[in-house]
Amino acid sequence: MHELSICQGLISQVQKIAADNNARSVELIKLRVGGLSGVEPPLLERAFEIARAGTIASEAELEIEAGPVVVRCQDCGASSAVAVNQLVCQDCGDWRVTVTEGEELLLLSLEIEQM
Ligand SMILES: [Zn+2]
C-alpha cells in the first residue's frame, strides 16, 4: 500500500519534531494533500492508524486538508486554480499548462503536549 509508506515517512518526521520539542505526546497532525498527489485520504487515514501504533503519535488525530490544484499556462502565463479533471488555463482555455501546486503532501502543523 502506497499510503502506508507515506504514513511511515510522515510518522518518522513527526517523531523527530516531537523529540526536538520535548513532546510527551502528539495530539494532532495536520496535513495538506494536493488533488494530484495520488493519495486517497480515506486510505491515508487507515494507513495512519497502522503507522502510528506504538509511537509517540499513537493517540494523535489526523486532519487532512485538500490542497488546491494550480496550473500555469504555457501560452498566456496566467496561473489558475482548476479542478483535478480539468487541467486547462482558466484564462485562455489552453491545455498546455504546468502544474505548480497540487502534487504535494505537506505536513502543515502539529499539536503536541510537552513534558
Ligand atoms: Zn492561458
Looking at A81, A66, A47 in this structure, which one is farther than 27 Å from V26 by Cβ and under 20 Å from the mean Cα position of the chain (by Cα)?
A81
Pairs, please: C-beta under 9 Å, at least 6 apart or cross-chain, first residue under 11 Å from R96 (Cα atoms) and in a loop (DSSP other than H, G, I, E, B) and in the stretch 72-85, second within 13 Å of the ligand (Cβ to nearest atom) and β-branched (V, I, T)?
Q74/V97; Q74/T98; D75/V97
Test of understanding: among G67, G35, G102, G93, which residue is among the small types (G, A, S) and without any contact (Cβ under 8 Å) to a residue 12 or more places away in the chain?
G93
Say whether the condition of being surrounded by 17 or more Cβ atoms within 10 Å (Cβ to Cβ) and within 16 Å of the ligand (Cβ to nearest atom) is met by at least one residue in the stretch 92-114.
yes
Can you tell me how many residues in the stretch 89-101 are assigned to a loop (DSSP other than H, G, I, E, B) and over 20 Å from A66 (Cβ atoms)?
7
Give me the residue from the stretch 67-91 that is closer than 30 Å to I11 by Cα and not hydrophobic (A, V, I, L, M, F, W, C) and, out of that set, farthest from the ligand (Cβ to nearest atom).
G67
Answer residue from the stretch 1-40, given it is of a type in the set (D, E) and within 17 Å of L106 (Cβ to Cβ) and is least open to solvent (accessible area, probe 1.4 Å) among those:
E3
Determine, yes or no, whether G67 is crowded, with 17+ Cβ neighbours inside 10 Å and at pLDDT 95 or above.
no
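The values are calculated or read from the model by the stated rules, or taken from the named source; none is laboratory data. If you're wondering where the values come from, they're calculated on a predicted model, not measured in any experiment. Note that we place each Cβ from the backbone using ideal geometry, even for glycine, and neighbour counts take in every protein chain shown. Quick note on the areas: whole protein, heavy atoms, side chains included, nothing else; ligands and nucleic acids left out. Shrake-Rupley method; radii C 1.70, N 1.55, O 1.52, S 1.80 Å.
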